[in-house]
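Chemist: Let me give you the structure first, and then I'll get to my questions.
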Amino acid sequence: MLLALLTVACSSEKAIRKGDQYAAVLEYHEAAKEYKKAYSKIPSKERKKRAEVAWKLGECYRKSNNSARAAGAYQNAVRYGHADSTALLYLAGAQLENGDYKASQKSYQAFLEKAPDNRMARIGLQSAMQSAEWKKNPNRYIVKKSRELNGQRSDYCPMFVGDDTTMVISTSTRKEATGDGLSSVTGQKYADLFLTKLDEKGKWQKSEKIESDVNSEFEDGACAFTPDGKVMYFTRCVTDDHYPRFAGIYKSNRSDAAWGKPEQVVISKDTLSSYAHPAVSPDGNWLYFTSDMAGGYGGLDIWRFYIGSSRAMEGIIENVGPMINTEGDEQFPTFGPKGELFFSSDGYPGMGGLDIMCGTQLNDTLWNVTNMGAPLNSSGDDFGMTFAAGLYRGFFSSNRGDARGWDHIYSFYLPETVHMLRGWIYEKDGYELPEGVIYMIGDDGTNTSFGVMKDGSYSVRVTPGVKYVLLGTCKGYLNAMQELATDSVEANREYQRDFALPSITRPVLIDNIYYEYDKATLTAESTASLDELVKLLNLNPNVTIELSSHCDFRGTDSYNQRLSQARAESVVEYLIDNGIEKERLTAVGYGEGKPKEVTKKMTETYTFLKEGDILSEEFINALEDEQQIETCHQLNRRTEFQVLRTTYKLYE
């Protein structure tokens, strides 16, 4: 019995040593087989040893993307009391990736009791809590597994060849791949690059291995192209039985339909870091990639390397910064139709594994990053997108629903929903302003301007679910602002926002200003118009105005003068009480001294008047129609403002 026990112990130790040797050179598939063998031979009473081997087994499964087996191994490590609480953290992550949200929450909470300040655990707990809701409420993307681009093994990282959407090059471990050996990392054949073409009938043909030196006896894949499709960058992982070899990026030039012999892109002298998952910026000047090189913010970060023609920029390497990179892993960069940086990460709240994120650059340092949600994301790993030129459609890869952790290619597209904003710019109390310009800023990063048509109208497409601020401008007029919050409904919508711009050179009527009879006291009905005037003055802070009140000619001159002055002062007092500086306001009562001059616009409403008529006492007394006379009196009883200066505190 003693001899048997010693034999078992020696056998398990031997398997552990072999597993350690494989793990040291990153051959996780082979290492896992040895650790599994060792675990089965360790008696359950040797809890510490069992916990240690289960931990190592879990690490191998995690690093080879087999979350189902990783969860079981980490569960055993925790059960047998593994000393490192990180086993709980990785168990929670594996459970999340398997879609076991309740178990994942429980494991994250248990880990946070030991490490309450761990940011990744807090993010993971948030992910576990909200993933079910994301899954229940998917967005408008349509996702389908591609029959044409998938083989019987792993297929991933599809990529259109530049702007040519009739050719896709993807990575595959299918049986046609070069060589007969199996990867000691994944247990599958070494991956190669395969080409799939679209025929004239719009059907994808059978994928064929690229017959070129871009495919080797090693792992080749995760490619990207320059915008013209003439240069391909791809990842190659060379293996070695004696020491770890790290991923590198290679470059191949296309001559006609053939790809030339690849050469390695030397990004850095650091030979102990990986360089993988290349992507070329839309302008062709930068090579974005994934690396664990020093100076990052987490495990794997997204970096960029200058490949443009400027000699002054040659050799520059930059980390894209902490607004993209996290303490987790950021991988598989690519670019969307509007230049957005799409990438995959496990460092943001997500649905499990790697989630596809979208980063929109707001300025040189500021990014807005959003999770793309379901159905683009799942509880598995979702990554490796490619977009048809200018469209939100294409392909990506995911291991969702595959118990072996194998990757497959999915198609996606976003059904088009058209939201249009329309309106006019015109002079307040006047006509269209064809020289008007509108500035539009949105919380999605929109920052643009555009002119209007000859009739002062405009029409612009807006994005659903975005808040916009719009500024209407025209030379010789005050600016006016409008706000718009577009719906996120899955239907076409139209919105209207008009801009009535007050003139800088002519008096501007303030509509709907009312006073108590025979008094200067403003009625409650007046506040809406005066509040709009407050907004206008705040929007144009360098403007000073004369606020004037006018009466009709009935009553004595002195009475009308006093009443109009008091009313003008009432309006000024209201504006001051609402935050407008006193120095910007001048109250003037004109009594009956400035009768209204008829504008062309007024003649459309009051057909008995002509442009240029002055509604003086003599003019009104010459009218015979009582209704017309009363109308003229009403037009004379008005409150207006006139711009005096446009440079108030401008140079302070």
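The values are calculated or read from the model by the stated rules, or taken from the named source; none is laboratory data. Owing to the predicted nature of the structure, the values given are computational and were not obtained by experimental measurement. Methodologically, a virtual Cβ is constructed for each residue, glycine included, from the backbone with ideal geometry; neighbour enumeration extends over all protein chains shown. Each accessible area value is taken on the protein alone, full model and side chains, heavy atoms only, with ligands, DNA and RNA left out. Shrake-Rupley method; radii C 1.70, N 1.55, O 1.52, S 1.80 Å.
Chemist: When only residues in region 218-232 that are over 13 Å from F160 (Cα atoms) and in a strand (DSSP E or B) count, which is farthest from the chain's Cα centre (by Cα)?
Modeler: Here is the first cut: in region 218-232, the residues over 13 Å from F160 (Cα atoms) are 218-221.
In the following step, the residues that additionally are in a strand (DSSP E or B) were identified as 219-221.
Working: E219: 32, D220: 31, G221: 27 Å.
Restricting to residues being over 13 Å from F160 (Cα atoms) and in a strand (DSSP E or B), the top hit is E219.
Chemist: Looking only at region 550-559, decide whether some residue is surrounded by fewer than 16 Cβ atoms within 10 Å (Cβ to Cβ), out of contact with any Asp or Glu (no Cβ under 6 Å at 6 or more places or on another chain), of a type in the set (F, W, Y) and not in a helix (DSSP H, G or I).
Modeler: Within region 550-559 (the criterion being surrounded by fewer than 16 Cβ atoms within 10 Å (Cβ to Cβ), out of contact with any Asp or Glu (no Cβ under 6 Å at 6 or more places or on another chain), of a type in the set (F, W, Y) and not in a helix (DSSP H, G or I)), the answer is no, since none of the residues qualifies.
Chemist: Further, regarding this structure: Just to verify a result, which residue in region 384-402, among those that are assigned to a loop (DSSP other than H, G, I, E, B) and either without any contact (Cβ under 8 Å) to a residue 40 or more places away in the chain or more than 23 Å from A224 (Cα to Cα) (or both), is least open to solvent (accessible area, probe 1.4 Å)? Give the derivation first.
Modeler: Kept after step one, since they are assigned to a loop (DSSP other than H, G, I, E, B), are these residues of region 384-402: 388-392, 399-402.
Still in the list and also either without any contact (Cβ under 8 Å) to a residue 40 or more places away in the chain or more than 23 Å from A224 (Cα to Cα) (or both): 400-402.
Details: R400: 51, G401: 94, D402: 25 Å².
Looking at residues that are assigned to a loop (DSSP other than H, G, I, E, B) and either without any contact (Cβ under 8 Å) to a residue 40 or more places away in the chain or more than 23 Å from A224 (Cα to Cα) (or both), I get D402.
Chemist: Within region 160-193, work out how many residues are more than 22 Å from K251 (Cβ to Cβ), not β-branched (V, I, T) and not in a loop (DSSP other than H, G, I, E, B).
Modeler: 2
Chemist: For region 331-383, give me each residue that is charged (D, E, K, R), assigned to a loop (DSSP other than H, G, I, E, B) and either open to solvent by less than 10 Å² (accessible area, probe 1.4 Å) or modelled with pLDDT under 95 (or both). Full working, then the answer.
Modeler: Start the filter on region 331-383 by keeping residues that are charged (D, E, K, R), which leaves 338, 340, 346, 355, 364, 381-382.
Subsequent filtering for residues that are assigned to a loop (DSSP other than H, G, I, E, B) retains 338, 340, 346, 364, 381.
Of everything in region 331-383, those that are charged (D, E, K, R), assigned to a loop (DSSP other than H, G, I, E, B) and either open to solvent by less than 10 Å² (accessible area, probe 1.4 Å) or modelled with pLDDT under 95 (or both) turn out to be K338, D346, D364, D381.
Chemist: Any chance region 177-190 includes a residue that's of a type in the set (F, W, Y) and either free of Cβ contacts under 8 Å to residues at least 12 places away in the same chain or surrounded by fewer than 22 Cβ atoms within 10 Å (Cβ to Cβ) (or both)?
Modeler: Applying the first criterion (of a type in the set (F, W, Y)) to region 177-190 yields 190.
Now narrow it down to the ones that are either free of Cβ contacts under 8 Å to residues at least 12 places away in the same chain or surrounded by fewer than 22 Cβ atoms within 10 Å (Cβ to Cβ) (or both): none.
No, region 177-190 has no match at all.
Chemist: Separate question: Filter region 511-528 down to the residues that are surrounded by fewer than 16 Cβ atoms within 10 Å (Cβ to Cβ) and in a helix (DSSP H, G or I), then identify the one that is nearest to the chain's Cα centre (by Cα).
Modeler: A528
Chemist: Something else now. Kindly evaluate R638 against the criterion of being surrounded by 15 or more Cβ atoms within 10 Å (Cβ to Cβ) and farther than 24 Å from E516 by Cβ. Walk me through it before giving the result.
Modeler: Details: surrounded by 15 or more Cβ atoms within 10 Å (Cβ to Cβ): yes; farther than 24 Å from E516 by Cβ: no.
Answer is no for this residue.
Chemist: For E435, state whether it is part of a loop (DSSP other than H, G, I, E, B) and in contact with a Phe, Trp or Tyr (Cβ under 9 Å, 6 or more places away or on another chain).
Modeler: Numbers: part of a loop (DSSP other than H, G, I, E, B): yes; in contact with a Phe, Trp or Tyr (Cβ under 9 Å, 6 or more places away or on another chain): no.
For E435, the condition - part of a loop (DSSP other than H, G, I, E, B) and in contact with a Phe, Trp or Tyr (Cβ under 9 Å, 6 or more places away or on another chain) - is not met.
Chemist: Taking the residues in region 24-37 that are part of a helix (DSSP H, G or I) and open to solvent by less than 30 Å² (accessible area, probe 1.4 Å) as candidates, determine which candidate is nearest to W406 (Cα to Cα).
Modeler: Among residues in region 24-37 that are part of a helix (DSSP H, G or I) and open to solvent by less than 30 Å² (accessible area, probe 1.4 Å), the one nearest to W406 (Cα to Cα) is A32.
Chemist: List, please: which pairs have Cβ atoms under 9 Å, are six or more places apart or on different chains, and start with a residue in region 194-217 that is in a strand (DSSP E or B) and end with one that is modelled with pLDDT under 90 and of a type in the set (V, I, T)?
Modeler: K209/T178
Chemist: May I ask you to list the residues in region 421-470 that are free of Cβ contacts under 8 Å to residues at least 60 places away in the same chain, β-branched (V, I, T) and under 25 Å from T360 (Cβ atoms)?
Modeler: V437, I441, T446, T448, V460, V462, T463, V466, V469
Chemist: So which residues in region 439-458 are more than 24 Å from the chain's Cα centre (by Cα), on the phi < 0 side of the Ramachandran plot and either surrounded by 15 or more Cβ atoms within 10 Å (Cβ to Cβ) or assigned to a loop (DSSP other than H, G, I, E, B) (or both), if there are any at all?
Modeler: Let us first name the residues in region 439-458 that are more than 24 Å from the chain's Cα centre (by Cα), namely 451-458.
Of the ones still in play, those that are also on the phi < 0 side of the Ramachandran plot are 451-455, 457-458.
If the condition is that a residue be more than 24 Å from the chain's Cα centre (by Cα), on the phi < 0 side of the Ramachandran plot and either surrounded by 15 or more Cβ atoms within 10 Å (Cβ to Cβ) or assigned to a loop (DSSP other than H, G, I, E, B) (or both), then V452, M453, K454, D455, S457, Y458 are the ones that fit.
Chemist: In region 466-494, how many residues are surrounded by 16 or more Cβ atoms within 10 Å (Cβ to Cβ) and not polar (S, T, N, Q)?
Modeler: Narrowing region 466-494 to residues surrounded by 16 or more Cβ atoms within 10 Å (Cβ to Cβ): 466, 468, 470-474, 477-482, 484, 486.
Keeping just the survivors that are not polar (S, T, N, Q) gives 466, 468, 470-472, 474, 477-478, 480-481, 484.
So the answer is 11.
Chemist: Another one. Considering only residues that are within 15 Å of Q152 (Cβ to Cβ) and of a type in the set (S, T, Y), which ones fall in region 172-185? Step through it out loud before you land on a result.
Modeler: If we filter region 172-185 for residues that are within 15 Å of Q152 (Cβ to Cβ), which is where we start, we get 172-177, 182.
Residues satisfying the conditions are S172, T173.
Chemist: Determine which single condition V280 fails, assuming it passes every other condition in (1) open to solvent by 80 Å² or more (accessible area, probe 1.4 Å); (2) under 29 Å from the mean Cα position of the chain (by Cα).
Modeler: (1)
Chemist: Could you list, in sequence order, the residues of region 48-78 that are closer than 16 Å to G405 by Cα and hydrophobic (A, V, I, L, M, F, W, C)?
Modeler: Listed by number, the residues that qualify are L57, C60, A68, A70, A71, A73.
Chemist: Moving on to the next point. Scan region 151-172 residue by residue and report those that are surrounded by fewer than 22 Cβ atoms within 10 Å (Cβ to Cβ) and of a type in the set (S, T, N, Q).
Modeler: Correct list: Q152, T165, T166.
Chemist: Can you name the number of the only condition in (1) touching a Lys or Arg at 6+ places or on another chain (Cβ under 9 Å); (2) open to solvent by 20 Å² or more (accessible area, probe 1.4 Å); (3) within 26 Å of S104 (Cα to Cα); (4) not β-branched (V, I, T) that G405 fails?
Modeler: (2)
Chemist: Can G405 be described as small (G, A, S), part of a loop (DSSP other than H, G, I, E, B), under 30 Å from A191 (Cα atoms) and at pLDDT below 95? Let's see the steps before the verdict.
Modeler: On the way: small (G, A, S): yes; part of a loop (DSSP other than H, G, I, E, B): yes; under 30 Å from A191 (Cα atoms): yes; at pLDDT below 95: yes.
Against the criterion (small (G, A, S), part of a loop (DSSP other than H, G, I, E, B), under 30 Å from A191 (Cα atoms) and at pLDDT below 95), G405 qualifies.
Chemist: Next question. Could you go through region 454-461 and let me know if any residue there is within 25 Å of D531 (Cα to Cα) and aromatic (F, W, Y). Before you say what the answer is, go through the steps one by one.
Modeler: Taking region 454-461 and keeping what is within 25 Å of D531 (Cα to Cα), we get none.
Looking for residues that are within 25 Å of D531 (Cα to Cα) and aromatic (F, W, Y), one finds none in region 454-461, hence no.
Chemist: Which fully enclosed helices (runs of 4 or more DSSP H) of region 46-122 have 2 or more residues being over 29 Å from S11 (Cβ atoms), in contact (Cβ under 8 Å) with a residue 24 or more places away in the chain and more than 28 Å from the chain's Cα centre (by Cα)?
Modeler: Values: elements: 47-63, 67-79, 86-97, 101-114.
The helices (runs of 4 or more DSSP H) meeting that bar are 86-97, 101-114.
Chemist: Pairs needed: first member in region 626-651, within 20 Å of E532 (Cα to Cα); second member anywhere, open to solvent by less than 20 Å² (accessible area, probe 1.4 Å) and assigned to a helix (DSSP H, G or I); C-beta distance under 8 Å; at least 6 residues apart or different chains.
Modeler: Close Cβ pairs satisfying both conditions: T639/A568; T639/V571; F641/L533.
Chemist: For region 248-298, give me every one of the strands (runs of 3 or more DSSP E) that falls completely inside it and has 2 or more residues that are within 23 Å of M323 (Cα to Cα) and either touching a Ser or Thr at 6+ places or on another chain (Cβ under 8 Å) or β-branched (V, I, T) (or both). Steps first, answer last, please.
Modeler: Working: elements: 248-255, 275-280, 286-291.
Per the criteria, 275-280, 286-291.
Chemist: Here's a follow-up. Quick one: is N139 within 22 Å of S345 (Cα to Cα), touching a residue at least 60 places away in the same chain (Cβ under 8 Å) and open to solvent by 10 Å² or more (accessible area, probe 1.4 Å)? First the steps, then the outcome.
Modeler: Working: within 22 Å of S345 (Cα to Cα): yes; touching a residue at least 60 places away in the same chain (Cβ under 8 Å): yes; open to solvent by 10 Å² or more (accessible area, probe 1.4 Å): yes.
Criteria met by N139.
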